[in-house]
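The values are calculated or read from the model by the stated rules, or taken from the named source; none is laboratory data. Since the model is a prediction, treat every value here as computed from it, not as a measurement. Here the Cβ positions follow ideal geometry from the backbone for every residue, glycine too, while neighbour counts run over all protein chains shown.
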Amino acid sequence: MAIKTGLRQGELIGLQWADLDLSRGLLNVRRSIWRGVEGLPKGGRERTLELPPSAVDALKGHRHLRGRFVFCQDDGQPLTAGKMESPLRRNLKRAGISREHGRIGWHDLRHTYGGHLAMRAVPMKVIQELMGHATIEMTGKDR
């Protein structure tokens, strides 16, 4: 979902089933949870994204009854950044994806999303809005 939506890690942690309209393929970014604190997404405002069909299918396949959070612990509580680290490492290793220097992290998936939009010639203003950047300069830095 991170690479298909460009959501920040805290936005993924805060994503609830009520934020999704899978029949219309829409995701409302309404909150972020970071270090256990819930608030508005970074930048202070909500945004709506269109989901690609592959993301809709993945979410339908992931549907569970553990609670309101899309990605949660077994007891329905929100994930933490620490609990998200092992699955990312495991899946990167399984896919044979690595980097010469440093580790690939969740924010790198966000950069990949923005880069893919730019490669498809999506206007920078649209990329800014989709990624929830406060300024166009921030969008240019992420590229």
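When you check I33 against the structure, is it of a type in the set (A, V, I, L, M, F, W, C), part of a strand (DSSP E or B), closer than 23 Å to G82 by Cβ and at pLDDT 95 or above, yes or no? Taking the combined requirement at face value, the residue satisfies it.
Counting only residues that are in contact with a Gly (Cβ under 9 Å, 6 or more places away or on another chain) and not β-branched (V, I, T), which one in region 74-98 is nearest to Y113 (Cα to Cα)?
Step one: list which residues in region 74-98 are in contact with a Gly (Cβ under 9 Å, 6 or more places away or on another chain), which gives 75-78, 80-81, 85, 88.
If we keep only those that are not β-branched (V, I, T) too, we end up with 75-78, 81, 85, 88.
Working: D75: 30, G76: 28, Q77: 27, P78: 24, A81: 20, E85: 19, L88: 16 Å.
Filtering region 74-98 for residues that are in contact with a Gly (Cβ under 9 Å, 6 or more places away or on another chain) and not β-branched (V, I, T), the one nearest to Y113 (Cα to Cα) comes out as L88.
Per the listing R30, R47, R24, the residue uniquely free of Cβ contacts under 8 Å to residues at least 24 places away in the same chain, surrounded by 11 or more Cβ atoms within 10 Å (Cβ to Cβ) and either under 17 Å from M1 (Cβ atoms) or out of contact with any His (no Cβ under 8 Å at 6 or more places or on another chain) (or both) is R30.
Quick check on A55: is it over 17 Å from the mean Cα position of the chain (by Cα), surrounded by 12 or more Cβ atoms within 10 Å (Cβ to Cβ), touching a residue at least 24 places away in the same chain (Cβ under 8 Å) and within 15 Å of G6 (Cα to Cα)? For A55, the condition - over 17 Å from the mean Cα position of the chain (by Cα), surrounded by 12 or more Cβ atoms within 10 Å (Cβ to Cβ), touching a residue at least 24 places away in the same chain (Cβ under 8 Å) and within 15 Å of G6 (Cα to Cα) - is not met.
Has region 57-68 got any residue that is out of contact with any Phe, Trp or Tyr (no Cβ under 7 Å at 6 or more places or on another chain), of a type in the set (A, V, I, L, M) and within 25 Å of A134 (Cα to Cα)? No. Scoring I104 on the criteria (1) more than 25 Å from A134 (Cβ to Cβ); (2) in contact with a strand residue (DSSP E or B) (Cβ under 7 Å, 6 or more places away or on another chain); (3) among the β-branched types (V, I, T) leaves a single failure, condition (2).
Taking region 17-26, which residues are of a type outside the set (D, E) and either outside any strand (DSSP E or B) or touching a helix residue (DSSP H, G or I) at 6+ places or on another chain (Cβ under 6 Å) (or both)?
Listed by number, the residues that qualify are W17, A18, L22, S23, R24, G25.
Provide a single number: the residues in region 118-143 that are touching a Gly at 6+ places or on another chain (Cβ under 8 Å) and touching a residue at least 24 places away in the same chain (Cβ under 8 Å). Residues that pass the stated criteria total 8. Checked against (1) surrounded by fewer than 13 Cβ atoms within 10 Å (Cβ to Cβ); (2) touching a residue at least 24 places away in the same chain (Cβ under 8 Å); (3) assigned to a loop (DSSP other than H, G, I, E, B); (4) among the hydrophobic types (A, V, I, L, M, F, W, C), L7 passes all but a single condition, namely (1). Return a yes/no flag: does region 70-78 have any residue that is assigned to a loop (DSSP other than H, G, I, E, B), within 19 Å of L20 (Cα to Cα), in contact with a strand residue (DSSP E or B) (Cβ under 6 Å, 6 or more places away or on another chain) and in contact (Cβ under 8 Å) with a residue 12 or more places away in the chain. Checked against the condition, which is being assigned to a loop (DSSP other than H, G, I, E, B), within 19 Å of L20 (Cα to Cα), in contact with a strand residue (DSSP E or B) (Cβ under 6 Å, 6 or more places away or on another chain) and in contact (Cβ under 8 Å) with a residue 12 or more places away in the chain, region 70-78 yields no hits at all.
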